[in-house]
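Trainee: For reference, the structure I am asking about is given below.
The values are calculated or read from the model by the stated rules, or taken from the named source; none is laboratory data. Treat the numbers as computed from the prediction; the structure is a model and nothing was measured. Cβ sites come from the backbone with ideal geometry, for glycine too, and all protein chains shown count toward neighbours. Remember, those area values only see protein heavy atoms, side chains included, never the ligands or the DNA or RNA. Shrake-Rupley method; radii C 1.70, N 1.55, O 1.52, S 1.80 Å.
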2 protein chains.
Amino acid sequence: METVSTNRAFGGVQGVYRHASAVTGTDMTFSVYVPPHEAGATLPVVWYLSGLTCTHANVTDKGEYRRLCAELGLIFVAPDTSPRGEGVPDDPDGAYDFGLGAGFYVDATQQPFAQHYRMWSYVTQELPALVAAHFPADPDRQSIMGHSMGGHGALTIGLTFPDRYKAVSAFAPIVAPSQVPWGHKALGGYLGDDRAAWRKHDAVALIEDGARLPALLVDQGAADAFLEPQLRPGLLRAACDGAGIPLTLTLRDGYDHSYYFIATFMGDHLRWHAARLTQQGAA
Amino acid sequence: METVSTNRAFGGVQGVYRHASAVTGTDMTFSVYVPPHEAGATLPVVWYLSGLTCTHANVTDKGEYRRLCAELGLIFVAPDTSPRGEGVPDDPDGAYDFGLGAGFYVDATQQPFAQHYRMWSYVTQELPALVAAHFPADPDRQSIMGHSMGGHGALTIGLTFPDRYKAVSAFAPIVAPSQVPWGHKALGGYLGDDRAAWRKHDAVALIEDGARLPALLVDQGAADAFLEPQLRPGLLRAACDGAGIPLTLTLRDGYDHSYYFIATFMGDHLRWHAARLTQQGAA
C-alpha cells in the first residue's frame, strides 16, 4: 500500500492511498480518515460508497464528514467506484452510467468486464482486509452508507451481510436497479440477461427474497432530477413495510442529487451510525 | 447578473453567479451562500478571499462554511482571484503566482495588466454593490476573511476600511508581501518598482504607517510549506504588538496550507465574525 497524500484535518489524518488490487487486477485508490484517538485504540469504521462518475475524491472533498467523525471517533473509508487503468474496458460509447466510474458494486460475469469489474469482492473482502491491516480499525464494528449507485451498493451489501455491518444508510439510493434504466443497463451488461442473477444486487428484490435489517436510514432530495426515473424510494418503502423492516425515509424539500444535499445530512447519518456502532461495541 | 447554479444546502441556497464587470472589463464568476432566514430580513455578509490558483469554487466545494453560516445567519461571498477570459494577460511563463488566479487584490498600474487586473476595486466596490442589490445583505454588517494571498487581501482591505468591515481574519495569510518572493513578484509586476506604492498593499506596512483594527484573528498551520519563505506571521505579530492591535495568532500543529486546514478552523472564524457582526448590528 502506497500513501498518495496525508493531511491533518479536525485533529485526525485524511489520507489517500493506492494499492495493487488482486481482485480487480488494477491499481486502486481510496481515502481513509482516521480521527484523533488514543494510541492503541481500535475504532469503528464507516464505509462510504460513491455514485456514478465519482472517485474517492468527491466525498473526500465535499462530504463534510471529518468534523463529525472526529467528534464521534469514526474511521471513514471511501473506495473508488470502478477499476481504472490500461486494459480496463469502458462503456463502448463512453457513457457515464456504465464502465469506468460505474462499477455498480457487482462482480461482473460477462465479457469483457468479468476480469476487472469485481467491485463486490473488492469492497466486501479485499479492501476491508487491507484497511484492517493498516489502520486502527475494529472489524467487529463496521457500518456502510452510500450515495445513488453507492446507496445501491450500501443497501445490497448491508442486506447481504447484516451481521457484519451494524448500520446501513443511504443518500438518494438506487433501490431497485432491476426496475430502472440505470440498473437495466448495468446489471444486464455486467451480469447478463438472466434476471435471477440480478436479484442479489437489487435491494428491493433482496428484501422480497427474505433479507432483513434491524433498521434502515434513507434521505432523498425531493428536487432530485433522478428521483422518479432512477431512484424510486417508494419501492423500498413498500418492500420494507412488507418485510417489517423499520425504514426512516425522509423526502427533503428542495434538495437535489448533489454533494450539497449529502453534506447537509451527513451529520445525521454519522450520528445514526455511531449510535449503532457504539451499542454493538458495548454489547 | 446571471445565475450559473443554485443548490439547496443546510436549509439555505448555495448559488454561483456571473456578471459582466465594468471594473475588470471581463465576465466575473462568484459564489454566494444565503442561509435560511425570515422573508424581508437583511443579513450580515462575510467576504472570503481565496488564495493563489483558486477560483470561487475551491472554498465553495471544500470550505465547510455552510453549516455554520446557516446556524449563525451569515451570507458568505467568495469572489474569483483574478480577471479571466480572452484578452486577459497572464504571467509570461504561465507561473501560478502571477496573472490568472493571482490578482493579489490590487489595482494594477503597470502594462499590460492595468486594464483588467483591478481586483481591489472589484472586491471593495463593484461586487459589494452587486451583492447588496441582489441578495438580502446588510451593507452595515460586513466582515472579511481570506486564505494565503486572500488572507493578504482580507488584511489589507480590512486595515484600509476598518469602519466597513466589522471583523477581519485570515488563514495562513501573506502578511508582508514587500518582504517575500510572492509579493516581490506580484507587487512589482502589478504596481511597478516604486516600493512606496506597495505599502498600501502590505498589511505589516499599513500597520507601520498607522492603520489600526480593534482585533485580528489569524490561524497558521505549523506544517505549512510556505510558512517561512512566504507567510512569516512573526512579522504581523511584531507589527501588531508595536501598534497595540490585539492579534490572536495560533500556530496549529501538524496543519498544512490546504483546505483541510481551512475547513478545520472555519467554524472558529465564523463564530468570531458572527460575534462582532451581531455586536455591531445591535449597536
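Trainee: Take region A:254-277 and flag every residue that is facing another protein chain (nearest Cβ under 9 Å) and either buried (at least 24 other Cβ atoms within 10 Å of the Cβ) or touching a residue at least 12 places away in the same chain (Cβ under 8 Å) (or both). Steps first, answer last, please.
Mentor: Taking region A:254-277 as the starting set, the residues that turn out to be facing another protein chain (nearest Cβ under 9 Å) are A:254-256, A:258-261, A:263-264, A:267.
If the condition is that a residue be facing another protein chain (nearest Cβ under 9 Å) and either buried (at least 24 other Cβ atoms within 10 Å of the Cβ) or touching a residue at least 12 places away in the same chain (Cβ under 8 Å) (or both), then A:254, A:255, A:256, A:259, A:260, A:261, A:263, A:264, A:267 are the ones that fit.
Trainee: Identify the residue in region A:1-50 that is small (Gly, Ala, Ser) and closer than 14 Å to residue A:79 by Cα and, among all such residues, is surrounded by the fewest Cβ atoms within 10 Å (Cβ to Cβ).
Mentor: The initial filter retains those residues of region A:1-50 that are small (Gly, Ala, Ser), namely A:5, A:9, A:11-12, A:15, A:20-22, A:25, A:31, A:39-41, A:50.
If we keep only those that are closer than 14 Å to residue A:79 by Cα as well, we get A:15, A:20-21, A:31, A:50.
Details: A:15: 19, A:20: 11, A:21: 20, A:31: 23, A:50: 26.
By that ranking, first place goes to A:20.
Trainee: Just to be sure I understand the filter: pairs with C-beta atoms under 7 Å, separated by 6 or more residues or on different chains, first member in region A:33-62 and away from chain B (no Cβ under 13 Å), second member modelled with pLDDT of 95 or more and exposed (fewer than 15 other Cβ atoms within 10 Å of the Cβ). Which pairs pass?
Mentor: A:52/A:96; A:53/A:96
Trainee: Considering only region A:249-269, state which residues are in a strand (DSSP E or B) and over 18 Å from the mean Cα position of the chain (by Cα). Talk me through it step by step, then tell me what you get.
Mentor: So in region A:249-269, the residues in a strand (DSSP E or B) come out as A:249-252.
Selection gives A:250, A:251, A:252.
Trainee: Next question. Only one of (1) crowded, with 24+ Cβ neighbours inside 10 Å; (2) within 29 Å of residue A:227 (Cβ to Cβ) is not met by residue A:142, so which one is it?
Mentor: (2) is the only condition that residue A:142 fails.
Trainee: Still on this model: Identify the residue in region B:160-174 that is farther than 28 Å from residue B:223 by Cβ and not polar (S, T, N, Q) and, among all such residues, is most open to solvent (accessible area, probe 1.4 Å). Full working, then the answer.
Mentor: First, the residues of region B:160-174 that are farther than 28 Å from residue B:223 by Cβ: B:160-166.
Filter again for not polar (S, T, N, Q), leaving B:161-166.
Numbers: B:161: 58, B:162: 51, B:163: 128, B:164: 74, B:165: 4, B:166: 47 Å².
Checking each candidate, the answer is B:163.
Trainee: All but one of (1) of a type outside the set (A, V, I, L, M); (2) closer than 21 Å to residue A:23 by Cα; (3) within 14 Å of the chain's Cα centre (by Cα) hold for residue A:173, so report the exception by its number.
Mentor: Every listed condition holds for residue A:173 apart from (2).
Trainee: Criterion first (buried (at least 24 other Cβ atoms within 10 Å of the Cβ), in contact (Cβ under 8 Å) with a residue 12 or more places away in the chain, over 20 Å from residue B:60 (Cα atoms) and within 14 Å of the chain's Cα centre (by Cα)) does residue A:74 satisfy it? Steps first, answer last, please.
Mentor: Working: buried (at least 24 other Cβ atoms within 10 Å of the Cβ): yes; in contact (Cβ under 8 Å) with a residue 12 or more places away in the chain: yes; over 20 Å from residue B:60 (Cα atoms): yes; within 14 Å of the chain's Cα centre (by Cα): no.
No.
Trainee: Is there a residue being touching a Cys at 6+ places or on another chain (Cβ under 7 Å) and either of a type in the set (A, V, I, L, M) or surrounded by 17 or more Cβ atoms within 10 Å (Cβ to Cβ) (or both) anywhere in region B:187-202? Give the derivation first.
Mentor: Filtering region B:187-202 down to residues touching a Cys at 6+ places or on another chain (Cβ under 7 Å) leaves none.
Checked against the condition, which is being touching a Cys at 6+ places or on another chain (Cβ under 7 Å) and either of a type in the set (A, V, I, L, M) or surrounded by 17 or more Cβ atoms within 10 Å (Cβ to Cβ) (or both), region B:187-202 yields no hits at all.
Trainee: Conditions: (1) more than 13 Å from chain A (Cβ to nearest Cβ); (2) farther than 13 Å from residue B:175 by Cα; (3) open to solvent by 10 Å² or more (accessible area, probe 1.4 Å); (4) not charged (D, E, K, R). Residue B:206 meets all but one. Number of the miss?
Mentor: (2)
Trainee: Please specify each residue of region A:187-203 satisfying the condition of being out of contact with any Leu (no Cβ under 8 Å at 6 or more places or on another chain) and either small (Gly, Ala, Ser) or within 14 Å of another protein chain (Cβ to nearest Cβ) (or both).
Mentor: A:188, A:189, A:192, A:196
Trainee: Residue under question is residue A:213, and the condition is that it be under 28 Å from residue A:107 (Cβ atoms), open to solvent by less than 20 Å² (accessible area, probe 1.4 Å) and in a loop (DSSP other than H, G, I, E, B); does it hold? Break it down into steps so the answer makes sense when it comes.
Mentor: Details: under 28 Å from residue A:107 (Cβ atoms): yes; open to solvent by less than 20 Å² (accessible area, probe 1.4 Å): yes; in a loop (DSSP other than H, G, I, E, B): yes.
For residue A:213, the condition - under 28 Å from residue A:107 (Cβ atoms), open to solvent by less than 20 Å² (accessible area, probe 1.4 Å) and in a loop (DSSP other than H, G, I, E, B) - is met.
Trainee: Here is a further query. Being open to solvent by 10 Å² or more (accessible area, probe 1.4 Å), modelled with pLDDT of 95 or more, more than 14 Å from chain A (Cβ to nearest Cβ) and touching a helix residue (DSSP H, G or I) at 6+ places or on another chain (Cβ under 6 Å): is that true of residue B:97 here? Spell out the reasoning first.
Mentor: On the way: open to solvent by 10 Å² or more (accessible area, probe 1.4 Å): yes; modelled with pLDDT of 95 or more: yes; more than 14 Å from chain A (Cβ to nearest Cβ): yes; touching a helix residue (DSSP H, G or I) at 6+ places or on another chain (Cβ under 6 Å): yes.
In short, yes.
Trainee: If you don't mind, another one. Just to be sure, is residue B:237 touching a residue at least 12 places away in the same chain (Cβ under 8 Å), open to solvent by 20 Å² or more (accessible area, probe 1.4 Å), under 22 Å from residue B:177 (Cβ atoms) and in a helix (DSSP H, G or I)? Break it down into steps so the answer makes sense when it comes.
Mentor: Details: touching a residue at least 12 places away in the same chain (Cβ under 8 Å): yes; open to solvent by 20 Å² or more (accessible area, probe 1.4 Å): yes; under 22 Å from residue B:177 (Cβ atoms): yes; in a helix (DSSP H, G or I): yes.
For residue B:237, the condition - touching a residue at least 12 places away in the same chain (Cβ under 8 Å), open to solvent by 20 Å² or more (accessible area, probe 1.4 Å), under 22 Å from residue B:177 (Cβ atoms) and in a helix (DSSP H, G or I) - is met.
Trainee: While we're here: Being charged (D, E, K, R), farther than 16 Å from residue A:143 by Cβ and within 14 Å of chain B (Cβ to nearest Cβ) is the filter here; which residues of region A:212-231 pass it? Before you say what the answer is, go through the steps one by one.
Mentor: We begin by selecting, within region A:212-231, every residue charged (D, E, K, R); these are A:212, A:219, A:224, A:228.
Subset that is farther than 16 Å from residue A:143 by Cβ: A:212, A:224, A:228.
Correct list: A:224 only.
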